[in-house]
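The values are calculated or read from the model by the stated rules, or taken from the named source; none is laboratory data. Predicted model, so just to flag it, every value in this text is computed and none were measured. Virtual Cβ from ideal backbone geometry, glycine too; neighbours counted across all protein chains shown. Just so you know, the surface numbers come from the protein's heavy atoms only, side chains and all, with ligands and any DNA or RNA stripped out. Shrake-Rupley method; radii C 1.70, N 1.55, O 1.52, S 1.80 Å.
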Amino acid sequence: MGGAYILGIESSCDETAAAVVYAGEKMVSNVVFSQIAAHQRYGGVVPELASREHLKAIVPVVRKALADAGQTYRSIDALAVTQGPGLAGALLVGIGYAKALAFALDKPLIAVNHLEGHIHAVLLEERQKEERQKNNRPINFPVLALVVSGGHTHLYLAEEKDQHWSYQNIGHTRDDAAGEAFDKVAKLLGLGYPGGPIIDKLSMHGDPAAVKFAASQLKHRDRHDKSDHATGPRFDFSYSGIKTSVLRYVEIHGMKGSIEARRKALAEIEKPALEDFLRHCDRQTLNLIASFQRALVSDLVAKTLAAAQACNVATLFVTGGVAANNELRQRFEQDAAMEGIPVYFPSRPLSTDNAAMIAAAAYPKWLTRDFAAMDFSAEAGMALR
Ligand code: KG4
Ligand code: ZN
């Protein structure tokens with residue numbers, strides 16, 4: 001089986017997305033409809049609302065992905081859809097629609113793990129670069145992938161053999177995901193939702209050494225760890241402590257009043273720009289934001305590199321929404337270079353949720369005819385193996 005045009009569909013959280021990717025190496029279209037505006041007033045994603053928004057957006061989003069690609073329902077070779085992990089009701093919208101299309105068109109349907117998608121976003125773009133520059137820079141295995149987003153902070157060792165990909169989880173967060181910590185801290189400082197992008201920008205205006213946060217100490221194995229590799233070393237993360245430390249700082253320093261004033265002032269601006277945020281943040285707040293980001297990034301980078309060394313990996317991937325963070329990218333590039341480990345990130349648009357990564361991850365499954373049976377369903381807590 002040669003190259004194929006695969007239509008990918010993603011609806012696991014608050015982005016309705018569709019894309020057409022050729023042979024896992026050429027993104028011919030990529031449409032992402034973000035629901036942020038619908039969820040913003042609630043300060044986070046509301047699952048019921050997410051499902052309804054997916055239902056409204058899915059048909060136009062898929063149509064646009066096909067039109068942008070110069071393809072039709074009939075001309076594509078296969079469909080791919082996110083099976084999990086994610087919000088069950090949101091996943092079901094994408095799965096139901098993909099199944100109906102595959103049935104009506106009599107085309108194969110491929111079920112993809114969302115986390116595998118994030119990993120393949122890196123591979124898709126590397127293949128595109130190779131294609132453009134004709135400089136074959138093969139990726140050496142084993143690969144260690146840090147998938148870091150609003151729902152996940154996971155470390156996977158990835159291997160590939162005859163188009164069959166396998167993954168071993170060697171670390172995860174014991175409580176909050178890194179993106180969740182960004183979102184919760186932004187909310188508690190009156191900065192709105194989502195928190196990552198604005199904390200990223202504001203951090204450049206504060207002193208990252210102003211507030212000291214203790215690094216999370218994980219001395220014991222995770223009691224809930226049921227993995228097959230329960231005896232090997234684990235490289236777990238924990239980010240609920242740092243969020244509590246920020247809250248304590250706010251209370252001790254009597255910042256609640258100014259936070260409330262900021263929340264109200266920003267809520268009155270339709271689309272606040274960076275200048276609006278800066279106008280409503282005093283020096284102490286900017287220092288707190290920069291120090292929080294510095295502490296979280298330092299912990300993520302240090303733990304990931306310790307795992308990379310212990311497992312003797314040849315290559316590092318950093319992917320997922322938080323991989324868009326500027327300080328995280330700089331620190332990984334700098335520190336991994338010192339260890340002599342090449343590090344790869346997706347471009348920023350492919351760091352956050354999208355369907356091109358789903359269509360790219362589906363291509364090896366197309367080659368091995370690993371198609372989904374028509375009775376598969378959403379798996380909210382789906383593991384990656
Ligand atoms: O991958 P993604 O779009 O969705 C999930 O699968 O969760 O990631 C969204 C998360 C949010 O928590 C958001 O605050 C965070 O990624 N994020 C960032 C940045 N851009 C998005 N965090 C830090 N810095 C950023 N620039
Ligand atoms: Zn994601």
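By the scheme Lys and Arg +1, Asp and Glu -1, what is the net charge of all other residues having a beta-carbon under 11 Å from that of Asp200?
Within the 11 Å Cβ shell, the charges total +2.
Quick one: 3J(HN,Hα) in Hz for the stretch 116-122, Karplus 6.51/-1.76/1.60 with θ = phi - 60°, rounded, Gly and Pro as x.
Once θ is set to phi - 60°, the couplings for the stretch 116-122 become 5, x, 4, 5, 6, 4, 5 Hz.
Pairwise over distinct Cα atoms, reciprocal of the mean inverse distance: report the Kirkwood radius of the chain in Å, one decimal place.
The Cα-based Kirkwood calculation yields 21.6 Å.
Put +1 on the Cβ of every Lys and Arg and -1 on every Asp and Glu Cβ in the stretch 137-223; which of Gln163, Ile139, Ala209 then has its Cα farthest towards the positive end of the dipole?
Ala209
Highest mean first, what order results for 151-157, 42-48, 345-351, 273-279 on Cβ atoms within 10 Å?
151-157, 345-351, 42-48, 273-279
Restricting to DSSP H runs of at least four residues, report the calculated mean residue ellipticity at 222 nm for the chain, -39500 (n - 2.57) per run over all residues, nearest 500 deg cm²/dmol.
-14500 deg cm²/dmol
Which of Ala267, Tyr97, Ile252 sits closest to the plus end of the dipole of the chain, meaning its Cα is farthest towards the positive end, when Lys and Arg get +1 and Asp and Glu get -1 on the C-beta?
Ile252
Length gain on complete extension for the stretch Tyr73 to Leu218, per 0.36 nm per residue less the alpha carbon to alpha carbon distance? Can you show the working numbers first?
Details: separation 145, 0.36 × 145 = 52.20 nm, distance 5.05 nm.
Going from the current span to full extension adds 47.1 nm.
Just the number, please: carbon plus sulfur as a percent of the accessible area of the chain, 1.4 Å probe, no ligands or DNA/RNA counted.
53 percent
Roughly speaking, what is the stretch gain from Gln309 to Glu333, that is 0.36 nm per residue apart minus the C-alpha to C-alpha distance, in nm to one decimal?
Values: separation 24, 0.36 × 24 = 8.64 nm, distance 1.54 nm.
Contour length minus Cα-Cα distance gives 7.1 nm.
Pop a pseudo-label 7 angstrom from the Cα along the beta-carbon direction at both Lys271 and Lys129 and give the gap in nm to one decimal.
3.1 nm
Please tell me the relative contact order of the stretch 278-357 in percent, rounded to the nearest whole number, where contacts are Cα pairs under 8 Å and at least six residues apart.
31 percent
Read phi for every residue in the stretch 17-26 and hand back ³J(HN,Hα) as whole Hz from Karplus 6.51 cos²θ - 1.76 cosθ + 1.60, θ = phi - 60°, with x for Gly and Pro.
With the stated coefficients, the stretch 17-26 comes to 9, 9, 7, 10, 10, 9, 6, x, 9, 9 Hz.
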